[in-house]
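Coordinate-derived values only; no laboratory data. As the structure is a computational prediction, the values presented were derived from the model and not from experiment.
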Amino acid sequence: MKENNKTVHQDTFTVSGTNIDAIKRANERSGLSYNEVKELLAKTTGGHGTWIYSDTNIEEVKRKNQESMQKEE
């Protein structure tokens, strides 16, 4: 459908009448998701049990620790 030279999409509704596209638009404007908040907290506060969200390379840290220990000897 065209309206004023712009393509206008018709919204999709569920059987019960929920406007799926309106929900998606509202979700896009609602901010961070629950999992995004958990990830942000894990990366900025190092919270308990948040290791799955860490972007730390464990093997690199171990290697650097080993190098540091060898320099001290």
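Observations on the structure shown:
- Using the Karplus relation 6.51 cos²θ - 1.76 cosθ + 1.60 with θ = phi - 60°, the per-residue 3J(HN,Hα) values for segment 28-44 come to 4, 9, 8, x, 6, 7, 4, 5, 5, 5, 4, 5, 4, 4, 4, 6, 9 Hz, with x marking Gly and Pro.
- The gain in end-to-end length when the Ser33 to Glu67 segment is fully stretched comes to 8.2 nm, 0.36 nm per residue minus the alpha carbon separation.
- Karplus (6.51, -1.76, 1.60) ³J(HN,Hα), θ = phi - 60°, over segment 57-71, in Hz, Gly and Pro reported as x: 8, 4, 5, 5, 5, 4, 4, 5, 5, 4, 4, 5, 5, 5, 5
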